[in-house]
Structures are given as structure tokens and as C-alpha cells.
Amino acid sequence: MTGAAKKVLSPIPGVFYRKPSPDKDVYVKEGDAVKEGDVIGLVEVMKNFYEIKAEAAGVLEKFLVNEEDVLDAGQEIAVIVAES
Amino acid sequence: MIKVMSPGLQTTVQDNGRIGYYEVGMPPSGAMDKYSLTVGNLLVGNDENAAALEITYMGPVLQFQEDAIIALTGGEIPPKINGQPVPMWETLSVKAGDELSFDFVKQGARVYLAVAGGIDVPLIMGSRSTYTLCGIGGLEGRPLEQGDELNIGNQSKHQVPVGTRVQSEFIPSFSKVNEIRVIVGLCSYRLTEESKQRFFSIDWTVTTEANRVGYRFKGERLNFVEREQPFGAGSNPSNVVDLGYPIGSIQVPDGVEPIALLNDAVTGGGYATVGTIISTDLDKMAQIKTNEKVRFVAVDIEEALQARKENKQKIEKLKQQLFQL
């Protein structure tokens with residue numbers, strides 16, 4: 001059984017990254033389990049890197065944006081399906 | 001006292017700026033959107049130059065340790081007190097223990113939090129504005145951090161009744177596509193005629209490099225007129241002999257991406273400045289986000305001065321309305 005799907009939004013505009021740095025692995029792969037507070041990506045704006053965190057535990061079902069896409073504020077980044 | 005529970009993305013103390021030191025290389029800093037700062041200060045009865053918090057893209061969480069009168073102006077980052085939505089552009093009362101937080105940004109980029117009495121930080125060269133690149137002004141010369149405590153000052157001039165509201169004609173509207181008025185020059189002669197025309201006929205997209213120092217735009221490459229390198233100028237065609245950069249001036253290093261220099265920018269250098277944003281439209285520029293579009297529109301100095309005059313008259317009219325209440 002799958003629980004409720006929750007979308008993770010970017011609070012700020014900027015460039016989206018799934019990796020902590022270019023030579024590292026992605027924070028989370030699609031299908032991975034995440035805990036509340038886990039970092040799933042970064043948004044870069046004004047030379048700051050803002051960590052996007054999972055707001056609830058569950059499985060990160062899907063990313064809705066690609067690496068290095070420029071996001072608008074409020075744009076949907078990923079879907080997390082809650083554990084049931 | 002106001003306690004910073006969470007600082008937001010970049011929250012700084014700003015007033016009208018550190019005016020009068022430009023020739024020694026000190027930019028003014030100060031609120032990016034001066035109109036919104038002024039209206040915020042009016043709504044709480046402050047001296048117009050009182051320091052407020054400038055909040056960018058993402059709001060802080062602030063806990064008031066004492067009763068206070070506040071107002072929030074600028075772009076739309078919906079504010080909440082103890083989790084309940086509260087209006088912007090209105091005089092609000094908060095009680096000791098209340099917590100101010102914000103939803104995601106809806107429109108615009110910067111919100112001003114004015115507090116009756118002003119934010120009390122030391123005056124540095126006549127201003128309380130934060131200039132982060134030099135680490136001066138504001139709170140220890142830096143953006144707010146978790147755990148900071150801000151004192152409330154005594155720059156209150158009037159008592160403004162709670163619930164006083166700015167009428168809609170005084171509230172700016174925001175768009176994802178913006179016209180920004182520019183005076184052509186000082187070094188526009190360096191661009192080819194075709195590039196000069198292109199500069200004013202395409203939509204430029206604001207990149208992620210857009211902050212208090214300047215905004216960088218993506219669009220298309222601009223070309224410079226061929227010339228023999230003058231003595232004292234750099235070798236790139238976009239270089240000229242060093243000159244002062246007006247605030248709002250636009251340069252195009254190597255012709256690749258135009259940069260509009262803003263409140264915290266370098267005061268001079270060796271790039272050709274092809275135009276300067278008129279002072280009135282700097283407020284509008286301050287509310288444009290990464291990924292939004294700008295179309296530059298050429299105006300002459302008379303039109304720029306007229307816009308400035310109308311902006312001043314608008315503030316005078318607002319003062320009359322507010323203080324008749």
C-alpha cells in the first residue's frame with residue numbers, strides 16, 4: 001500500500017542541483033527512502049546554496065525537475081510518497 | 001528586542017544608505033526598494049531614514065521579546081504572526097512572545113519589515129545600512145544569523161493607529177515581465193548600431209547572479225565597434241579608460257552578459273557602461289527575481305526627472321492621507 005504523495009517545493013528561485021558537488025553522487029535516487037529533514041537537493045541563488053529538505057519520511061518517487069534547471073520560487077521539485 | 005529564530009536567505013539591516021562617500025569607493029548600500037522602505041517607515045511613524053530589515057526571497061522567523069508596532073511592505077512574501085496570515089502595507093501590533101514568519105514568495109523579491117523606533121544598530125559613516133562585502137554597518141556588517149538579537153531604536157516620530165492601511169493606488173504591482181527605463185550612455189558609443197538596437201528590443205532574463213551588488217542578464221551577445229586600444233584601457237573591446245560607474249549603470253563585459261550595478265557595487269572601473277537605469281526604476285528592479293524578464297526602454301533625462309518628481313509627489317500624497325487619519 002502506498003500513502004499520500006507530497007510535493008516538495010522550492011521556496012526560492014535559482015539553479016537546482018541533485019549533487020552536493022559536481023564530482024559527488026546525488027543526494028537521493030528516485031525510489032530511495034528519505035527521512036524527514038534529509039537533503040534531497042540544492043538551489044543556488046545569489047551565490048548561496050539553499051538545501052532542499054524532505055518535509056516528511058517516505059519514498060522519493062520522482063524528481064519533477066532536472067539537474068541545473070532554473071527554478072521559479074514555488075516550483076515543484078519532487079514527489080515523496082509517505083510510508084503507510 | 002527581536003530574536004532571530006531563523007535568518008531567511010539573506011536578511012540585512014538597511015536604511016536609505018551611506019550617502020556621500022562614493023568618490024572614495026564606498027557604495028551607498030541601503031534599501032534596494034526605497035519606496036517600500038519609505039512607506040514601511042511611514043506606516044510605523046518612523047523617521048523616513050530609520051533602519052528596517054530587508055528580506056530577500058525567503059523570510060526569516062523572528063520572535064518579538066517586547067510589544068512592537070510593525071509594518072511589512074515591498075514584494076509579496078505573505079507574513080504570518082503566530083501562524084496566522086496578516087496583511088502587508090498595514091500598521092500591525094505585535095505582543096511580546098509573538099512570532100513573525102513568512103510563506104513562500106508569491107510576487108516580487110524583497111520585503112521590508114519596519115519597526116516603530118527603527119532597528120538600532122550603530123551609525124557607520126552616517127548610516128545603519130549593511131554593506132556585507134566590506135563587513136560594515138547593520139548587525140556586525142553581515143546578514144542576520146540564527147540566534148541574533150536586534151534592539152529596537154527610538155526613531156519614532158508619530159504614533160500611527162494600528163490598522164492604518166495604505167490604499168491600493170500606493171501599492172506597487174509586480175510582473176514577471178518588466179519594463180525598466182534607461183538613459184543611454186555614457187559609453188554606448190562603443191556598441192555597434194545593431195547591438196544598441198538589440199539591447200532595447202529583446203527580453204533579458206535575470207540570472208541567478210542577481211543580488212545587492214548587481215543583476216546579471218542572459219539574452220544574446222552584443223558587439224562593440226572595432227577600435228585601436230586607447231592608452232589606459234584594457235584590451236577587451238568592452239574596456240574603456242576607467243570611469244565612475246553610476247548606480248544602475250549597465251556594463252557588458254566582453255559583450256556576453258549585461259550587468260546592472262546596484263546599491264553594493266564597485267563605484268568605478270574599466271568597462272563601457274552602455275546605459276543607466278533611472279533612479280525611480282531601481283525600486284522596480286529590486287523586486288525582480290531570478291528567471292524573470294526585463295525589457296530596457298530608452299528615455300531621456302527630462303523623462304527620468306519627471307518620473308522622480310512623480311514618485312516624490314506620490315509619497316507626499318500618501319503622507320497626507322496617512323496623517324489625516
A 1.4 Å probe over the protein heavy atoms gives the protein assembly as shown a carbon and sulfur accessible-area percentage of 49
For the protein assembly as shown, shape from the Cα gyration tensor axes a ≥ b ≥ c, cut at a/c of 1.5 then a/b versus b/c, turns out oblate
Most packed first (mean Cβ within 10 Å per residue), the peptides B:191-197, B:133-139 order as B:133-139, B:191-197
The A/B contact buries a total accessible area, at probe radius 1.4 Å and rounded to the nearest 100 Å², of 1400
Per residue convex hull volume, Cα only, region B:183-325, in Å³ is 118
Region A:5-82 accessible area per residue, 1.4 Å probe, protein heavy atoms, integer Å², reads 51
When chain A is treated as a Gaussian network with springs between alpha carbons less than 10 Å apart, the largest mean-square fluctuation among A:Ala73, A:Ala57, A:Ala33 is found at A:Ala73
Note: A:38-47 gets an average of partner chain Cβ contacts (10 Å, Cβ to Cβ) equal to 4
Rounded to the nearest 10 degrees, the helix B:301-324 long axis (Cα) sits at an angle to the longest Cα principal axis of chain B of 0
Excluding residues fewer than 8 positions from B:Lys3 in its own chain, the lysines with Cα under 18 Å of it are B:Lys80, B:Lys95
Whole-Å distance linking the alpha carbon centroid of region B:258-277 with that of region B:150-197 is 17
Listed by chain and number, the lysines with an alpha carbon less than 22 angstrom from that of A:Lys19, same-chain partners under 8 positions apart left out, are A:Lys6, A:Lys7, A:Lys29, A:Lys35, A:Lys47, A:Lys53, A:Lys62
The distance between the Cα centres of region A:20-84 and region B:1-64, in whole Å, is 32
accessible surface per residue for chain B, probe 1.4 Å, DNA/RNA/ligands not counted, whole Å² -> 42
Per residue convex hull volume, Cα only, region B:130-233, in Å³ is 253
Of the convex hull drawn through the C-alpha atoms of region B:2-170, the volume per residue in Å³ is 105
Dividing the alpha-carbon radius of gyration of region A:5-82 by 2.2 N^0.38 Å, where N counts its residues, gives 0.99
For B:Lys312, counting only lysines whose alpha-carbon sits under 25 Å away and dropping same-chain residues fewer than eight positions off, the answer is B:Lys34, B:Lys157, B:Lys284
Using alpha carbon positions and the Kirkwood radius, the Rg to Rh ratio of chain B is 1.00
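The values are calculated or read from the model by the stated rules, or taken from the named source; none is laboratory data. Predicted model, so just to flag it, every value in this text is computed and none were measured. For neighbour counting, all protein chains shown are included, and Cβ atoms are generated from backbone atoms with ideal geometry for every residue, glycine included. Keep in mind that these areas ignore ligands, DNA and RNA; they rest on the heavy atoms of the full protein, side chains included. Shrake-Rupley method; radii C 1.70, N 1.55, O 1.52, S 1.80 Å.
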